[in-house]
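The next block holds one structure in the form of structure tokens; read it before the comments.
The values are calculated or read from the model by the stated rules, or taken from the named source; none is laboratory data. Here the structure is a predicted model, which means the values were calculated and not measured. Heads up, the Cβs are rebuilt from the backbone with ideal geometry, glycines too, and the neighbour counts pull from every protein chain shown.
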Amino acid sequence: MQEIACHLILADESDVGVARRRARELGDEQGLLANSVEALATAVSEIARNVIVHAGRGELLLGVVRDGRRVGVVAVARDEGPGIPNVEDAMRDGYSTGNGLGLGLPSARRLVDEFEIRSAVGQGTTVTLRKWAAAASGA
């Protein structure tokens, strides 16, 4: 992450709304198209909610990322919860260890340009999302 714009503690369901709003604001500031801003905000909501549901507490970093001429938004959600025993299963639509529909992580992955998840049982989980603005040339 090149530039941290926001650091949020995730400890309560109300923090999910704050995370969503801040992701939307940052996406707007970085020139993401409206549909990309909403996709980013939704993906951030999903990963923030997962932190609260599965770990109870964690953090979210939102920042600006640059790669050559591209600019975008990066979101990193981290927790020190129980971890995910089988990440491959967790990334499958419909798989849930809780009372949810099992669509959170797979949906978040589909909504962003880059998605990375690292998890270790007993150590926690880190999910990184990147959403890029369209290039100035219109590409």
Note to self: As an exercise: evaluate GLN30 against (1) closer than 13 Å to GLY104 by Cα; (2) out of contact with any helix residue (DSSP H, G or I) (no Cβ under 8 Å at 6 or more places or on another chain); (3) buried (at least 20 other Cβ atoms within 10 Å of the Cβ) and give the number of the one condition it does not meet.
What the structure shows: (1)
Notebook entry, point to check: For residues in the range 9-27 being among the hydrophobic types (A, V, I, L, M, F, W, C) and crowded, with 20+ Cβ neighbours inside 10 Å, which is farthest from GLY124 (Cα to Cα)?
Noted result: LEU26
Notebook entry, point to check: How many residues does the range 13-22 contain that are touching a Lys or Arg at 6+ places or on another chain (Cβ under 9 Å) and either outside any helix (DSSP H, G or I) or hydroxyl-bearing (Ser, Thr, Tyr) (or both)?
Noted result: 0
Check: Within the range 2-16, is even one residue modelled with pLDDT of 95 or more, closer than 17 Å to PHE115 by Cα and not β-branched (Val, Ile, Thr)?
Finding: no
Note to self: Exactly one condition in (1) outside any helix (DSSP H, G or I); (2) without any contact (Cβ under 8 Å) to a residue 12 or more places away in the chain; (3) of a type in the set (D, E, K, R) is false for GLU25; which is it?
What the structure shows: (1)
Check: Residues of the range 1-60 being closer than 14 Å to VAL74 by Cβ and polar (S, T, N, Q), which ones?
Finding: GLN2, GLN30, SER36
Note to self: Residues that are surrounded by 14 or more Cβ atoms within 10 Å (Cβ to Cβ), among the basic types (Lys, Arg) and touching a helix residue (DSSP H, G or I) at 6+ places or on another chain (Cβ under 6 Å): does the range 56-66 have at least one?
What the structure shows: no
